[in-house]
Amino acid sequence: MTERNFMNEMSWTTYQKRIEAGAIILLPVGATEQHGPHLPMGTDAMLSTAVAADIAKKIDAIVAPVLSFGYKSQPKMGGGNHFCGTTSLDADTLAHLLRDVIKEFARHGLRQLVLINGHYENMMFTIEGVDLARRELAYMGIHDFQVMRLEYWDFTKRETIEKIFPEGFPGFDLEHAAVMETSLMLHHHPHLVDMAALPDDKPASFPPYDMYPTRTGWVPCSGVLSPAHGCSAEKGKLLADDYATGVTAAIRKEFPNVKDKS
Ligand code: ZN
Ligand code: MN
């Protein structure tokens, strides 16, 4: 039987052996959020999982089940919570979900966790979840639990950005359902991308303030914040390689005890 890296495909006995032998856990966090007419709503969850799966091929790591709901989509980075299907959590729900899961990992012997965020709006609430978990673990007498927390796109190399956007980079926040996410999906899950549905909207332009209720007219009707034209599976592979090598190098640096995959 080939070795499995996904926690939810493992028996508890295999999981226990691997944790005892020093495997770390990679926890992907995503969202269920509109990604235009051409990408699935699980894009953020699928991409953070794909980054984790690539890393688990290189080092002794277990990929935990992805957290598939995220914090409320914001117009300037995810199109906004008004789109049908964008199904979001309150901030404290997300933070508490993370707190509970992290405490369970620690209770079963884990001491090193890597949280891989794939949905911009989750950022501060993943920090909160980690903080609450570590505070409770300290009350339980566990003081040696370490967490690495990251947004995978921060590992995009400058050379890669220059290759992918020869005419200028719109910025990571406007890259919602655009060239980067569509290219990554073409690389990891091509059967889930509908290239015929790629919208022709112009890039969104937002004022430097927010309004409540949301001014939905600020957001392109398609939900795509900058044009996805120019996406390709080759560009997706360049990005995926940056994430697999960059995040793995960071893990080896911070967790030098982690073993390589033989
Ligand atoms: Zn996304
Ligand atoms: Mn998102």
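Read-outs throughout are calculated quantities, based only on the coordinates presented, and are distinct from any laboratory measurement. Just so we're clear, the structure is a prediction, and the values are computed from it rather than from any experiment. All Cβ positions, even for glycine, are placed from backbone atoms using ideal geometry, and neighbour counts span all protein chains on display.
Values for this structure:
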| item | result |
| --- | --- |
| Gaussian network model of the chain, Cα within-10 Å springs - most flexible of Thr126, Thr14, Thr182 | Thr14 |
| Candidates Glu33, Glu121, Glu104: whichever shows maximal mean-square fluctuation once the chain is modelled as a Gaussian network with Cα springs under 10 Å | Glu104 |
| Options Gly85, Met123, Pro40, ranked by Cα towards positive dipole end of the chain, top entry (Cβ charges) | Met123 |
| Two-site FRET efficiency, Asn257 against Tyr139, from Cβ-Cβ distance with R₀ of 22 Å, rounded to 0.05 | 0.30 |
| Lysine pairs with alpha-carbon atoms under 12 Å apart, the chain, spacing 8 or more or separate chains | 5 |
| Cα→Cβ-extended label distance, 7 Å offset, between His82 and His108, nm | 4.3 nm |
| Using a Förster distance of 41 Å, the FRET efficiency for Lys57-Met211 (Cβ separation, nearest 0.05) | 0.35 |
| Per-selection Kirkwood Rh - the stretch 7-254 (Cα, Å, 1 d.p.) | 18.7 Å |
| The stretch 43-79: trypsin sites (Lys or Arg not before Pro) in DSSP loop, at most 12 other beta carbons within 10 Å | Lys57 |
| Principal-axis tilt of helix 123-139 within the chain, Cα atoms, nearest 10 degrees | 20 degrees |
| Computed label-point distance, nm, for sites Glu20 and Asp173 using a 7 Å Cα→Cβ extension | 5.0 nm |
